[in-house]
Amino acid sequence: PKVEVSLSYVINENTRELEAKISAKMLQTVFDDIRFNVYIVEDSVSGIGTGWDQSNYLSNRAGYEENPYYKLPAKIVGYQHMKVVRKMLGDVWGEKGEFATPALNGETYSHTFLYTLDPRWKIKDIHLVGIVQVYTTSNKQILNACYGLPGVPMFELSSNQPEVKKVVAFGSSFDKLY
């Protein structure tokens, strides 16, 4: 691969706000326009009617008698669709982010996407896929991709108190206000 991709994200379940940070470590210099994308994917998506019912082409089809779908009807109502792409955070062609042109071997570039999840989506069934893609008139390809890993929010603490060097006895506390 020309690039190593990593993705971490945090979802605030109360506000449904998503923060996804995607990073790309270049393993080769690439002279094309490179972009980031993050796909929000949901499992166990179902409904009833047009756009939801699953067409079953294996229903009673000769040669597929051992397939679990063989005995099911031609239209499966309430089918549980898996890996449904709900949103491409960088739209179809991605976001430039920090990428330079050319993107230099050994350099790391990143981009953070912020998005509020649709209230109809089930947070427990949401997964993210991070993608680094080339976007030029003649060349549109995925250079590499990864599954995102849920992360722990990162916090930065600062104090307006002066730095104090102090030795305390074992078992004593040394509190600092932040």
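The values are calculated or read from the model by the stated rules, or taken from the named source; none is laboratory data. Bear in mind that the values here come from a model prediction, so they are computed numbers and not experimental data. Quick reminder, even Gly has a Cβ in these numbers, built from the backbone with ideal geometry, and neighbours come from all protein chains shown. With ligands, DNA and RNA removed, areas are computed over all heavy atoms of the protein, side chains included. Shrake-Rupley method; radii C 1.70, N 1.55, O 1.52, S 1.80 Å.
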Q | Top positive-direction residue, dipole computed over segment 75-149 with Cβ charges, set G106, W121, G148 | A | W121
Q | Derived scalar couplings ³J(HN,Hα) [segment 60-76; Karplus, 6.51 cos²θ - 1.76 cosθ + 1.60; whole Hz; x for Gly, Pro] | A | 6, 8, 4, x, 10, 4, 8, 6, x, 8, 4, 8, 8, x, 5, 10, 9
Q | Check: the chain dipole with +1 on Lys, Arg Cβ and -1 on Asp, Glu Cβ, in debye | A | 180 debye
**Q.** Lys/Arg +1, Asp/Glu -1 at C-beta; the chain dipole; positive extreme among N14, N139, M82
**A.** M82
Q. So what's the net charge close to K124: Lys and Arg +1, Asp and Glu -1, counting the other residues with Cβ under 12 Å from its Cβ?
A. -3
Q: Would you mind computing Rg(Cα) / (2.2 N^0.38 Å) for the chain, counting N as its residues?
A: 1.50
Q) Rounded to a whole number, what % of the accessible area of the chain do carbon and sulfur atoms account for, probe 1.4 Å? A) 53 percent
Q | Per-pair calculated FRET efficiency, R0 = 35 Å: N144 and N14 via Cβ, rounded to 0.05 | A | 0.55
